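Written below as structure tokens is the structure these notes are about.
The values are calculated or read from the model by the stated rules, or taken from the named source; none is laboratory data. If you're wondering where the values come from, they're calculated on a predicted model, not measured in any experiment. Every residue, glycine among them, receives a Cβ derived from its backbone with ideal geometry; neighbour counts consider all protein chains shown. In case anyone asks, the SASA skips ligands and DNA or RNA and just uses the protein heavy atoms, side chains included. Shrake-Rupley method; radii C 1.70, N 1.55, O 1.52, S 1.80 Å.
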Amino acid sequence: MDAVSLIPTPDALQVHWFWLHLLLTLTTFLHFVAMNIMLGAGFIAFATPFWRGNDVMPLNAHIAKTLPYSIAFTINLGVAPFLFLQVLYGQFLYTSSVLMAVYWLSIVGLLIISYYAVYIYRLIDDKSGLGRLFIGAALLLLLSVSFLFSNNVSIMQMPEVWLKYFSDRTGWLLNSSDPALIPRYLHFIASAVAIGGLAIALYFEIRKRRGATDGEEWIKLGCNWFMVATIINFGFGFWFLGALPENAYDPATLYGKLFFIMIVGSVVTIIPSVAYAQAGRIIPATVWALATVLLMTLARDILRLTYLKPYFSLRELPYEPQFSPFLVFLIAFVGGIYLVGWMLKTVWNAKEVT
Amino acid sequence: MNYPVWQLEFLGGGFLIAVIAIIHVYIAQFAVGGGLFLVLTEHLAYRRNDQGILDFVRKHTKFFLLLTMVAGALTGVGIWFTISVLNPSATSTLIHTFVFAFGTEWTFFVAEIVSLFIYYYTFDRLTKRNHLTIGWIYFGAAWMSLFVINGIIDFMLTPGAWVENNNFWSGFFNPTFWPALFFRTFFSVIIAGLFGFMTSSFLKDEELRTTMLRYSAKWLLVPFVLFLASSWWYRAALPPHIEVIIFQKMPQLRPFITLFLVCSGLIILGGLVMAIRMPSGLSRTMAAVMLVIGLMYFGAFEFLREGGRRPYIIYDYMYSNAILKNDLDSVAEAGILNTAKWVEHRHVTPANVQAAGRELFDVLCLSCHSIGGPLNDISRQVRMSSPEELNLIFATMGWERPYMPPFAGNEFEKQILINYLNTTIRR
């Protein structure tokens, strides 16, 4: 039995795969930004008191206030890429999900518990004592969820490991045989801590511009986390690169060339980002960092195609056009952006009323 | 056939999806009706210039946010995760047919989250008008989510002309779309009243508590007539063969029909009782009981709807075991063990006959039967039947037992499966 014979037959697309992939990449980027802020800020809130003591509790109070939002948006912005991923790669994703079904379904429970833990952390006044237990528990569970996601991506991209199903059909498989699994996971976590640090700096920068005077120290702290985590992440990144199959960055192939360009682009954009952050110029630092996240998202898309190249091509997906639902979606999407924009503007412009 | 089968034994037979789906849909419907409850109650507070009612709205919003945003949203994701591992083929069909309906629903979900956060955190920051507008935006987005999801859920029960023409709109605006939409809308208003009881019963001010309990009771009693009318319309819109399955052919569904009818009476009775002035402890207990009754009410309906779809997962198109209706003959001719992708024992020998029987069981039966579990336990059913009766069941599947798919394999495979049931399972 070979892995190719196991790959399920895909269903037909309603629009050209390019549009679906564009939506997948765009929404994955948004999800990554939210996820990085959530996980990174949570990590910093838990870790910083270990050497700064209770001095950082004012910062943690702010993080506690915003964490429920970032979890909500991480989940919400994860729904869309999960949808488009299923449309384009469902035959791989569903299979990997079945193979690790128990872990996969446990994600829901882990997320519910961590979400409520974060709310409790927000609601209790004692952020240093009992509070650390809740933020620590939430962080641990979120890190577990990330690990399970990394595993699913790994199994999904490696049909050659699917044969393990025949020795365990009960949904307890993880892909420990993938040499890229651990560095991939650590690379993501370190990115999250870096972006989380920058998000903290940006949050207090915005407050400062609106007249608050309590944020200078936290802007510096956020920028330091950003720099340190980014430097560490270079190490994880090289480890990850070394663990990838050689054809991933083979310049003789189109995917290899594109992947190489994205990686170089990520390095080129993250350097000015760190430099701006150290100079206290948070807005340009953020813009460059977002460019890095976008390039890394694209690199990840290309990497997936490289892994699946022996088995799959987007061009081969069956296609039975029906454009009107797509049009309705675009109208709703634009309308949604307008509505959300109006609501945010209304709040931004609001003064305290009695 | 196309995907691996997750060997879920004890929690199989629909138990896992039933639990998560009923909890999610109950909370999700609360997220719709509760949105209307919030904004209309806020209007009421302004109209009466009553700070007590406004404070109640604020507290109720907190409860609403914590329940719908966390448990509601995540069990929604949970349904998606669950169906994709229990029936990936059907999930793939739904996703590919309705990708842009799901996408549209997601945009409403974004608007829901943003508006609900703003609504909760800006009671003191926004003008009354803007705050109410945000509340209406929340309700509008939540109801539109219901509108979209309703089309997809009812497509599975009554796909209508989609089966022939594969057209998105035929599937979305399927024969039960409109009655189901009204049914779910009125039900979500009733659920809002049930949750209103819960938060009202915790009010310390007795006068205000009684006022809000009576106000919540109206949310049950007023739409109830419309809810019953839409139930009748829903039933009338069902194709006759589905109605026969639900109300005549499936003895397993009778307890749920009874439960639905009993809960209808209890909801009315409970609504009237809650309007009576009573001590706070008693009203809290009553509110909790009413919430449980509401959950059972909705659970009974969901079991009936799911049961009516049998033996299909997408009616008239894909059987519960993911075999397409149109493929049945070709699969029977070639055999399951030769057709299914994720099968190891394609050639049956005396050494692997039990393993092959298990694989046939996994592919053909596991989607509906648990092994030793609380729902559709195959061990219990096999032990209740003699070997001859078991043969008869296989002979009548899909015909005299219309809630089971016809046996999809060839005669040899049928004997292997029966042998597996009579040996390993009967043991």
>> Based on C-alpha coordinates, I'd like the Rg and Dmax of segment B:60-172, in Å.
In response: 16.9, 55
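Based on the Cβ-Cβ distance from B:Glu389 to B:Ala351, what FRET efficiency comes out when R0 is 30 Å, to the nearest 0.05? Mind showing how you got there, number by number?
Details: r = 29 Å, r/R0 = 0.97.
So, using R0 = 30 Å, E works out to roughly 0.55.
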> Helix B:73-86 versus the longest principal axis of chain B: what angle, 0 to 90°, nearest 10, using Cα atoms?
Replying inline: 10
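Kindly provide the Kirkwood hydrodynamic radius of chain B in Å, to one decimal, from all pairs of distinct alpha carbon atoms. List each step's numbers first, then the result.
Working: mean 1/r = 0.0427 Å⁻¹.
When all Cα pairs of chain B are included, the Kirkwood radius is 23.4 Å.
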>> Once each part is reduced to its C-alpha centroid, what is the distance from segment A:293-354 to segment B:126-149 in angstrom?
In response: 22
>> How many angstrom lie between the Cα centre of segment B:346-385 and the Cα centre of segment A:145-205?
In response: 35
>> If you take each beta carbon of peptide B:67-75 and count the beta carbons of other chains within 10 angstrom, what is the mean?
In response: 5
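Find the sum over both chains of the accessible area lost when B and A are paired, probe 1.4 Å, and report it in Å² to the nearest 100.
Values: alone 19630 and 18320 Å², together 31440 Å².
The summed interface area works out to 6500 Å².
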> Size of the dipole of segment B:105-198 about the Cα centre, Lys and Arg at +1 and Asp and Glu at -1 on the beta carbon, nothing else charged, in debye to 20?
Replying inline: 400
> Assuming R0 = 51 Å, what is the FRET efficiency of B:Ala236 and A:Ala243, from their Cβ-Cβ distance, to the nearest 0.05?
Replying inline: 0.25
> Under a plain spin-label model, where a point goes 7 Å from the Cα along Cα-to-Cβ, how far apart in nm are A:Leu314 and A:Ser106?
Replying inline: 3.4
> With no solvent and one point on each alpha carbon, what is the Debye value of log10 I(q)/I(0) for segment A:5-81 at q = 0.12, 0.27 Å⁻¹?
Replying inline: -0.52, -1.12
> When N is the residue count of the protein assembly as shown, what does its C-alpha Rg come to as a fraction of 2.2 N^0.38 Å?
Replying inline: 1.00
>> Counting only Cα atoms, I'd like the Rg/Rh figure for segment A:95-162, Kirkwood definition for Rh.
In response: 1.17
>> Tell me the mean residue ellipticity at 222 nm calculated for chain A from its helices only (DSSP H runs of n ≥ 4, each -39500 (n - 2.57), averaged over every residue, nearest 500).
In response: -26500 deg cm²/dmol
> For segment B:280-409, what is one quarter of the convex hull surface built on the Cα atoms, given in nm²?
Replying inline: 11.2
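Pairs of alpha-carbon atoms within less than 8 angstrom and 6+ residues apart define the contacts here; what relative contact order does segment B:327-408 have, in percent?
Contact order relative to length: 22 percent.
Mean separation of Cα pairs under 8 Å and 6+ residues apart, divided by the residue count of segment A:3-317: what relative contact order is that in percent?
Computed over segment A:3-317, the figure is 21 percent.
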> For A:Asp2 and B:Val163, what is the calculated FRET efficiency with R₀ set at 51 Å and r taken between the beta-carbons, to the nearest 0.05?
Replying inline: 0.90
>> If I model a spin label at A:Ala47 and B:Ser280 as a point 7 Å from the Cα along the Cα→Cβ vector, what separation in nanometres do I get?
In response: 4.6
> Given H placed on each backbone N at 1.01 Å, which residues far from A:Leu13 in sequence or on other chains put an amide H within less than 5 Å of it?
Replying inline: A:Tyr319, A:Glu320
> In degrees, nearest 10, range 0 to 90: what is the angle between the Cα axis of helix B:88-121 and the longest Cα principal axis of chain B?
Replying inline: 20
> On the first, second and third principal axes, largest extent first, how far apart are the outermost C-alpha atoms of segment B:151-274 in Å?
Replying inline: 61, 33, 20
> Taking Cα centroids, how far is segment B:270-313 from segment B:219-268 in Å?
Replying inline: 14
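Nearest 500 deg cm²/dmol is fine: what mean residue ellipticity at 222 nm does chain B get from its DSSP H runs of n ≥ 4 alone, each adding -39,500 (n - 2.57), divided by its residue count? The partial results should precede the final answer.
Numbers: 18 runs with 297 residues, N = 427.
It lands at -23000 deg cm²/dmol.
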> Can you list the equivalent-ellipsoid semi-axes of segment A:3-317, largest first and in whole Å, using the square root of 5 times each Cα gyration tensor eigenvalue?
Replying inline: 35, 23, 17
> Each label point is 7 Å from the Cα along the Cα-to-Cβ direction; what then is the distance between the points at B:Ala334 and A:Asp168, in nm?
Replying inline: 3.1
> Between the helical axis of A:101-123 and the dominant principal axis of chain A, each derived from Cα atoms, what acute angle in degrees is found, rounded to the nearest 10?
Replying inline: 10
>> For a quick check: with amide H placed at 1.01 Å from N, whose amide H comes under 5 Å from B:Asp377's, ignoring anything fewer than 5 positions away on the same chain?
In response: B:Ser370
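Go through B:7-19, B:141-153 and give me the packing order, highest mean Cβ count within 10 Å leading.
Working: B:7-19: 19.2, B:141-153: 21.5.
The most tightly packed comes first, giving B:141-153, B:7-19.
Please state the relative contact order of chain B as a whole percent: Cα pairs under 8 Å, 6+ residues apart? Show your work: numbers first, answer last.
Details: 582 pairs, mean separation 93.0, N = 427.
It comes to 22 percent, rounded to a whole number.
Determine the sum of side-chain charges near B:Gly307: Lys and Arg each +1, Asp and Glu each -1, restricted to other residues whose C-beta is under 13 angstrom from that of B:Gly307.
On the way: positive: B:Lys249, B:Arg254, B:Arg305, B:Arg309, B:Arg310; negative: B:Glu243, B:Glu302, B:Glu306.
Cβ neighbours under 13 Å give a net charge of +2.
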